[in-house]
Amino acid sequence: MNLAINRRMGANRWTYTASLAIRNPTEIQGRPVLLGSDVSSEGSWKQALFNTTVDLAALGASAVPKAVRMQLNIAIPSDIDVAIDVSGYCFGDHWGQGRVDALTKIYKKLKKGGALVILMPKTWGPFERISKDSLNRMLSFVDLAFARDLTSQEYLIRILNNDNQKKICFAPDYTHEIEVQPDTPRSSVAYIIPSSRVVDSGAMAMNDYIDLFRTASDIFRINGVTPSLLIHETSKDLSFVEVASYMGIHSDNIIIAEGPDHAKSVIAGAQAVVTSRLHGLYNALNCQIPVAAVAWSFKYHEALKQYNCPLNFVDNRDPHNSIRELSKKIIDPKNTVHMKEQMKIGKEECARLTCRMWEKIFDTIEAAG
């Protein structure tokens, strides 16, 4: 997702709202753009120190020339014309009230400095641990916000006042814009893509989660398909390499993605995918690779609906029987031909809506003058 927006906006490097650190400042239509994420930034201690200095002594901002700040890879809000925040699950209940309150302060500073603020997170809601008033206050400092699925949009509309509702637009995931060539096609390989979030969220205990993948591996192997492990998110999921054998995966059949392009190219060459990583799911869907999702959030179900495969998720009420049937389904040619056709139709619709999203973003930037 970061790569897709970087290419659209012309950015060379990713940047972070949390610290306002800038890597090779991006410009679009002559305006500096801050691309933001909730990931910790390398060197963020320097930005934190700089921001503290500015907060304690307002003269500090003007005392350091902008050219010098840019050389140091740091910025203050007044340096930014457009701030685009792609903060993942930042506005879900998993993070609670604190994250919304912290981001409200950041957006307020950016608006005060004259920036447009555009939000493009993966998901919103259901706001059971986030107050209605605080969300409305946060969005009062935002110019445009996108809901990437209909459930998120519904949660937002239910809680927002009329003024903030007008800022909400629907637009699906846009990673389909990243086209790749399949990495050495592996027509008889099915990739298993785990995610630590399944366990951390409480959706499933670790032993049960590993056993689930073992069940899928056994089904694949019996049917002449090699089960393999793909680590899609190296910062959090490398520990699954150590338990690959318990999942029924041989050490020779492990791939650690070198980046988003590489991960997608590997997926594009597979026969099938079982994934708990959202980006792994979207990559399989928009490459028309038969896929089953082991979900921990409603977001996965919404993604499958967008690509016309609404039943391709493991039912947590009976996960082992569910994964057994799904594993057979996604490698059976009787099912996969139709499945791929439906995914292609879904991708075409997502592409149409994505074009409309970018038009809205660029029109908003242009209207700001």
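The values are calculated or read from the model by the stated rules, or taken from the named source; none is laboratory data. Quantities reported herein were computed from a predicted structural model and do not represent experimental measurements. When we count neighbours, we look across all protein chains shown, and the Cβ atoms used for this are built from the backbone with ideal geometry, even at glycine.
Considered as a group, the residues in segment 211-258 that are part of a loop (DSSP other than H, G, I, E, B) and either assigned by TED's automatic domain parsing to the domain that holds TRP95 or within 22 Å of PRO319 (Cα to Cα) (or both) include one that is nearest to the chain's Cα centre (by Cα), and that residue is ILE249. Against the definition (assigned to a loop (DSSP other than H, G, I, E, B), in contact with a Pro (Cβ under 9 Å, 6 or more places away or on another chain), farther than 23 Å from GLU154 by Cα and not polar (S, T, N, Q)), how does ALA284 come out, yes or no? So ALA284 fails the test. The set of residues in segment 233-278 being surrounded by 22 or more Cβ atoms within 10 Å (Cβ to Cβ) and either closer than 23 Å to LEU311 by Cβ or aromatic (Phe, Trp, Tyr) (or both) consists of PHE240, ILE267, ALA270, ALA272, VAL273, VAL274, THR275, SER276, ARG277, LEU278.
You will find that of TRP358, TRP296, the residue that is of a type in the set (Phe, Trp, Tyr) and assigned by TED's automatic domain parsing to the domain that holds GLY125 is TRP358 and no other.
Considering only segment 159-183, state which residues are in contact with a Ser or Thr (Cβ under 7 Å, 6 or more places away or on another chain) and among the charged types (D, E, K, R). Within segment 159-183, GLU177, ASP183 qualify.
So that you can scan it fast, the table gives a plain yes or no per residue for (1) outside any helix (DSSP H, G or I); (2) more than 18 Å from LEU278 (Cβ to Cβ); (3) in contact with a helix residue (DSSP H, G or I) (Cβ under 7 Å, 6 or more places away or on another chain); (4) of a type in the set (A, V, I, L, M):
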{"residue": "HIS94", "(1), (2), (3), (4)": "yes, no, no, no"}
{"residue": "ASP101", "(1), (2), (3), (4)": "no, yes, yes, no"}
{"residue": "LEU110", "(1), (2), (3), (4)": "no, yes, yes, yes"}
{"residue": "ARG129", "(1), (2), (3), (4)": "yes, yes, yes, no"}
{"residue": "ASP133", "(1), (2), (3), (4)": "no, yes, no, no"}
{"residue": "ARG137", "(1), (2), (3), (4)": "no, yes, yes, no"}
{"residue": "GLU154", "(1), (2), (3), (4)": "no, yes, no, no"}
{"residue": "GLY202", "(1), (2), (3), (4)": "yes, no, no, no"}
{"residue": "TYR209", "(1), (2), (3), (4)": "no, no, yes, no"}
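Residue count for segment 145-158 under the criterion of being more than 19 Å from ARG352 (Cα to Cα) and surrounded by 19 or more Cβ atoms within 10 Å (Cβ to Cβ): the result is 4.
Among the conditions (1) touching a residue at least 12 places away in the same chain (Cβ under 8 Å); (2) in a helix (DSSP H, G or I), the only one that GLU359 does not satisfy is (1).
Say whether the condition of being part of a helix (DSSP H, G or I), out of contact with any strand residue (DSSP E or B) (no Cβ under 8 Å at 6 or more places or on another chain) and hydrophobic (A, V, I, L, M, F, W, C) is met by at least one residue in segment 291-298.
Keep residues of segment 291-298 that are part of a helix (DSSP H, G or I), which gives 298.
Filter once more, so that each one left must be out of contact with any strand residue (DSSP E or B) (no Cβ under 8 Å at 6 or more places or on another chain): 298.
Within this subset, residues satisfying the condition of being hydrophobic (A, V, I, L, M, F, W, C) are 298.
There is at least one residue in segment 291-298 that is part of a helix (DSSP H, G or I), out of contact with any strand residue (DSSP E or B) (no Cβ under 8 Å at 6 or more places or on another chain) and hydrophobic (A, V, I, L, M, F, W, C).
Which residues, taken from segment 183-208, are crowded, with 23+ Cβ neighbours inside 10 Å and not aliphatic (A, V, I, L, M)? Once the filter is applied, which keeps residues that are crowded, with 23+ Cβ neighbours inside 10 Å and not aliphatic (A, V, I, L, M), segment 183-208 yields TYR191, PRO194, SER195.
Can you report the number of residues in segment 101-123 which are of a type in the set (A, V, I, L, M), within 21 Å of CYS169 (Cα to Cα) and touching a residue at least 40 places away in the same chain (Cβ under 8 Å)? Steps first, answer last, please.
Taking segment 101-123 and keeping what is of a type in the set (A, V, I, L, M), we get 102-103, 106, 110, 115-120.
Within this subset, residues satisfying the condition of being within 21 Å of CYS169 (Cα to Cα) are 103, 115-120.
Checking which are touching a residue at least 40 places away in the same chain (Cβ under 8 Å) leaves us with 103, 115-116, 118, 120.
Residues that pass the stated criteria total 5.
Within segment 67-92, restricting attention to residues that are of a type in the set (Val, Ile, Thr) and either part of a loop (DSSP other than H, G, I, E, B) or at pLDDT below 70 (or both), the residue that is nearest to the chain's Cα centre (by Cα) is VAL86.
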